[in-house]
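The values are calculated or read from the model by the stated rules, or taken from the named source; none is laboratory data. Everything numeric here is computed off the predicted structure, so don't read it as measured data. Positions of Cβ are generated from backbone atoms using ideal geometry, with glycine treated the same way; all protein chains shown enter the neighbour counts.
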2 protein chains.
Amino acid sequence: MSTIRDVAKLANVSVATVSRVINANGYVNENTKQKVEEAIKQLDYRPNDVARSLFKGRSKMIALFVPDIQNPFFSELARAVEDMANKRGYTFILCNTDNDNQKEMDYLQALLQKSIDGFIFVSNTIKAIQIENVNVPMVALDRKISSGLASVTVDNRDGARQAVEHLQSIGCKQIGHICGPENVSSSRNRLQGYLDVVKKEDWLTSDFVQVGDYNIRGGFHAGLEMLKNNPSIDGIFAANDLMAIGVLKAAEYLNIPVPEKLSVIGFDDIELGKITSPPLTTIKQPIYAIGKQAAELLIKQIEDPETEVKSEIHDVELILRASTKESGEWCF
Amino acid sequence: MSTIRDVAKLANVSVATVSRVINANGYVNENTKQKVEEAIKQLDYRPNDVARSLFKGRSKMIALFVPDIQNPFFSELARAVEDMANKRGYTFILCNTDNDNQKEMDYLQALLQKSIDGFIFVSNTIKAIQIENVNVPMVALDRKISSGLASVTVDNRDGARQAVEHLQSIGCKQIGHICGPENVSSSRNRLQGYLDVVKKEDWLTSDFVQVGDYNIRGGFHAGLEMLKNNPSIDGIFAANDLMAIGVLKAAEYLNIPVPEKLSVIGFDDIELGKITSPPLTTIKQPIYAIGKQAAELLIKQIEDPETEVKSEIHDVELILRASTKESGEWCF
DNA sequence: TTGTAAGCGTTATCAG
DNA sequence: CTGATAACGCTTACAA
C-alpha cells in the first residue's frame with residue numbers, strides 16, 4: 001500500500017499538496033493537480049482511513065443495535081439502515097443485542113473506542129442514564145428510549161385501534177389480544193389501542209389478553225391458551241405478525257378454521273405474512289422507510305450538530321388478506 | 001475522552017509505562033502498576049482503538065458479504081459470524097451485495113482503506129482475479145470462489161441425492177427439480193445430485209428441471225410451470241427451502257394436496273420451513289455451524305498467518321416433516 | 001500557490 | 001524496571 005508520501009515524491013510536490021488535491025480543499029494549480037492525479041493513478045494510491053479517522057476523531061461508521069437480526073422485522077430495518085449508510089459513505093456496523101443490556105453496553109464502549117460517529121438503537125433495555133454522556137449522535141428506532149433522544153416510531157396505538165375496529169367491522173363479537181413483552185413501548189401502546197376499543201365490552205375479562213414474546217412460538221402458546229379458555233372468541237389481534245402466525249398455527253392445531261370461525265390480524269406487515277395459509281391481514285408499518293429515516297436523521301445530526309432533535313411518528317395502514325373474514329386475496 | 005498522556009501525568013509515570021500496563025506487556029513494578037491502574041480508573045480511561053489500529057495496521061474488524069440479509073439463510077449465517085467475531089474481540093461489518101459485483105468491489109476497497117483484518121464472502125460474482133492481491137485473509141462461505149481460497153461449504157451433491165432418494169423411497173415415480181441460479185456453485189452441485197439419481201429414468205425430460213432464483217417467488221412460478229406441464233409429477237425437489245415454500249404455494253394455488261398427491265422437499269432447513277402448511281421436509285445444512293466455522297477459520301488465519309488454507313465440507317441430514325408422504329410430524 | 005511541521009493517540013525500540 | 005522518542009499516515013495552520 002502506498003502512502004501519501006509516495007505520491008508526493010513521485011509527483012515532486014509536498015504531502016500537503018497531495019492532501020489538497022485528494023480532498024479538493026484549498027488552492028492548487030491546475031498543472032500540479034494533474035501531476036498529482038497522475039501519480040495517484042500510477043501508484044493506485046488510496047488514502048488510509050484509519051489515519052484520517054485518528055486526525056479527525058471520526059470514523060465514518062455508524063452502528064445499529066437490534067435484538068436479533070434473524071427476526072425479519074429487524075432484518076428489513078437493518079437493510080434500510082445499511083443502504084442509507086452506504087449511500088452517504090458510512091460503514092455499517094450491526095450489533096445483535098439479544099435484549100441483553102450488558103451486551104449493549106459492551107458494544108457501546110467498544111464502538112466508542114473506535115470513534116464511531118453515531119448509533120441507532122432498537123432497544124427496550126437501554127436506559128437514558130446509561131447513554132447520557134455518550135457524546136455522539138443517537139437515534140431511537142421503533143421503541144422510544146427517552147424524550148431527549150431523537151426517535152422514529154409509528155403510531156402504535158392508532159394502528160391497534162384500526163386492527164380491532166376492523167375485526168369488529170367484519171362481525172367479530174369477542175376479540176382477544178396477544179400482547180408483546182410488557183417492557184417494550186410499542187407493545188404497551190398496542191395494548192392501549194386494543195383497550196381503547198374494547199374496554200367497555202361486557203365480555204372483556206383478563207382472559208382476553210395474553211402476553212407473548214413477539215415470536216412465533218410465544219404467539220402459538222398464547223393463542224392456544226386463549227382459544228382453549230375462551231371458545232367463544234372469534235377474533236384475535238396479535239401485537240405483531242410473528243405472534244399472529246403463531247396464532248394461525250394454534251388455530252390449525254385446534255382445527256379452528258381461519259377465517260370462518262376465527263379472524264386473525266397482526267401488526268408490522270413482514271414479508272412472511274404473505275405466504276402463510278391463509279395470508280395474514282395486518283397493520284402495515286413502513287418498515288424500510290422508518291429505518292431509512294432513522295439513518296438519515298442520524299447522519300444529519302452527525303454532519304450538522306446544530307440539527308434539532310426530532311421525534312418522527314409514522315402512520316400505519318390496514319392491509320386486508322385472507323386471515324380475516326371477507327377480505328380474502330391471493331397474492332403472487 | 002482522556003488519553004494515555006493524561007493517565008501518565010496523573011500517575012507520574014511515562015506513557016510507555018502506561019502502555020505496558022494496559023497491554024500487560026514488558027516488565028513493570030507492582031507498585032507503579034497499581035498507581036497506573038488507579039489513574040486509569042480515576043479518569044475512566046479507554047485506549048483509542050483508532051490510534052492503535054494506525055500503529056498496528058490492523059483494526060480488529062472483519063466483514064461478511066452476503067447477497068441479502070433479509071434471506072433467512074443469510075441472516076442465520078450472519079448471526080453466527082457476528083457471535084464468533086464478538087467472542088474473539090472483533091467488530092463485525094455486514095455488507096449486503098445484492099449479487100452486484102460493483103457493490104462487492106466498492107465494499108472491498110472501502111474496507112481495505114479502513115485496515116479491515118479479513119473477509120468472509122458468500123458470493124457467486126467475485127472472481128479469483130479480483131481478489132488476488134488483497135493481502136488480508138479471506139474465506140469463502142457456502143459457495144466456492146477459487147481453489148486457492150479457504151472455504152466452508154456442505155456436501156450439496158450428496159444432499160441432493162439424499163433428497164431425491166427419499167422421494168423415491170416413499171413411492172414418488174416422477175420427480176421434478178427446481179434448481180437455483182446457474183452461476184451459483186451450490187445450485188449446480190444440487191442439480192448434479194438430482195441427475196445422479198434420476199438420469200436413467202425414462203420419464204426424464206427437460207421439463208422436469210426448472211430454473212428458479214432461490215427465492216419464494218421464483219419457486220412459486222417455476223413450480224406452477226412444472227406442475228401445469230407435467231400433471232404426472234408426484235415429487236418435487238427444490239434446491240432450497242425458500243423455493244420449496246414457493247412450490248407449496250403453487251400446489252395450494254392449483255389445489256394439489258401435499259403430500260397426498262405431491263411430495264415436496266427443500267434444502268437448507270431454515271426456521272421458516274417449520275411453520276409452513278404442511279411443514280417442510282428438507283435437507284438440513286448446519287447453517288449456524290458453518291458460519292461459525294468460517295469465522296473461526298478466518299480469525300485463525302488473521303492471528304496466525306502461517307495457518308494452512310483449508311476447505312471444509314460439512315455433511316447434511318434429511319429432516320422428515322409433513323410435506324413428504326408418511327413422514328408427518330407436528331412441531332411446536 | 002506551495003511547503004514545513006505540529007499534531008491525532010498509540011506502540012515499540014533503545015538507552016539508561 | 002522506566003523513560004524518551006520515533007514511527008503509523010494523514011490534515012491543517014502557518015510561513016513562504
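Observations on the structure shown:
- For region B:105-124, the condition of being among the acidic types (D, E) and crowded, with 21+ Cβ neighbours inside 10 Å holds for at least one residue.
- Qualifying residue in region B:221-231 (condition: polar (S, T, N, Q) and under 19 Å from B:Q285 (Cβ atoms)): no
- Residue satisfying all of: in region A:94-107; at the interface with chain B (Cβ under 10 Å from one of its Cβ atoms) and hydrophobic (A, V, I, L, M, F, W, C); farthest from A:Y214 (Cα to Cα) among these: A:L94
- Condition broken by A:V134, with the remaining ones in (1) surrounded by fewer than 18 Cβ atoms within 10 Å (Cβ to Cβ); (2) more than 14 Å from chain B (Cβ to nearest Cβ) satisfied: (2)
- Within region A:16-33, being of a type in the set (V, I, T), part of a helix (DSSP H, G or I) and within 11 Å of DNA strand D (Cβ to nearest atom) holds for A:T17, A:V18, A:V21, A:I22.
- Qualifying position, being without any contact (Cβ under 8 Å) to a residue 60 or more places away in the chain, more than 12 Å from chain B (Cβ to nearest Cβ) and either closer than 24 Å to A:Y194 by Cβ or hydrophobic (A, V, I, L, M, F, W, C) (or both), among A:K228, A:K325: A:K228
- Unique match (being among the aromatic types (F, W, Y), outside the structural domain of B:L10 (by TED's automatic domain parsing) and part of a helix (DSSP H, G or I)) among B:F92, B:F65, B:F55: B:F55
- Scanning region B:39-69 for residues that are in contact with a Lys or Arg (Cβ under 8 Å, 6 or more places away or on another chain) and surrounded by fewer than 19 Cβ atoms within 10 Å (Cβ to Cβ) yields a count of 1.
- Neighbours by Cβ (under 9 Å, 6+ apart or cross-chain): first from region B:305-319, assigned by TED's automatic domain parsing to the domain that holds B:V139 and over 18 Å from B:N240 (Cβ atoms); second exposed (fewer than 13 other Cβ atoms within 10 Å of the Cβ) and among the aromatic types (F, W, Y): none
- Taking region B:259-278 as the range and being part of a loop (DSSP other than H, G, I, E, B) and surrounded by 22 or more Cβ atoms within 10 Å (Cβ to Cβ) as the test, the residues that pass are B:P259, B:L262, B:D269, B:I270, B:I275, B:T276.
- Scope region A:50-93; condition among the basic types (K, R) and either out of contact with any Asp or Glu (no Cβ under 9 Å at 6 or more places or on another chain) or more than 9 Å from every other protein chain (Cβ to nearest Cβ) (or both); matching residues: A:R52, A:K56, A:R58, A:K87, A:R88
- Taken together, B:K33, B:K60, B:K56, B:K9 contain a single residue that is of a type outside the set (S, T, Y) and at positive phi, which is B:K60.
- A:A110 being hydrophobic (A, V, I, L, M, F, W, C), closer than 16 Å to B:E82 by Cα, without any contact (Cβ under 8 Å) to a residue 60 or more places away in the chain and at the interface with chain B (Cβ under 10 Å from one of its Cβ atoms): yes
- Among the residues of region A:39-49, those that are within 13 Å of DNA strand D (Cβ to nearest atom), more than 10 Å from every other protein chain (Cβ to nearest Cβ) and outside any loop (DSSP other than H, G, I, E, B) comprise A:A39, A:I40, A:L43.
- For the condition over 17 Å from the mean Cα position of the chain (by Cα), under 18 Å from B:L242 (Cα atoms) and among the polar types (S, T, N, Q), B:Q210 qualifies.
- Region A:95-167 holds strands (runs of 3 or more DSSP E) entirely within its bounds, and those carrying 1 or more residues that are under 19 Å from the mean Cα position of the chain (by Cα) and among the polar types (S, T, N, Q) map to A:150-154.
- Exactly one residue out of B:D6, B:D44, B:D98 is of a type outside the set (K, R) and closer than 28 Å to A:I69 by Cβ: that is B:D98.
- Among the candidates A:V36, A:V13, residue that is part of a helix (DSSP H, G or I), buried (at least 18 other Cβ atoms within 10 Å of the Cβ), more than 39 Å from the chain's Cα centre (by Cα) and more than 14 Å from chain B (Cβ to nearest Cβ): A:V36
- The set of residues in region A:1-27 being modelled with pLDDT of 95 or more, within 7 Å of DNA strand C (Cβ to nearest atom) and not basic (K, R) consists of A:N12, A:V13, A:S14, A:V15, A:A16, A:T17.
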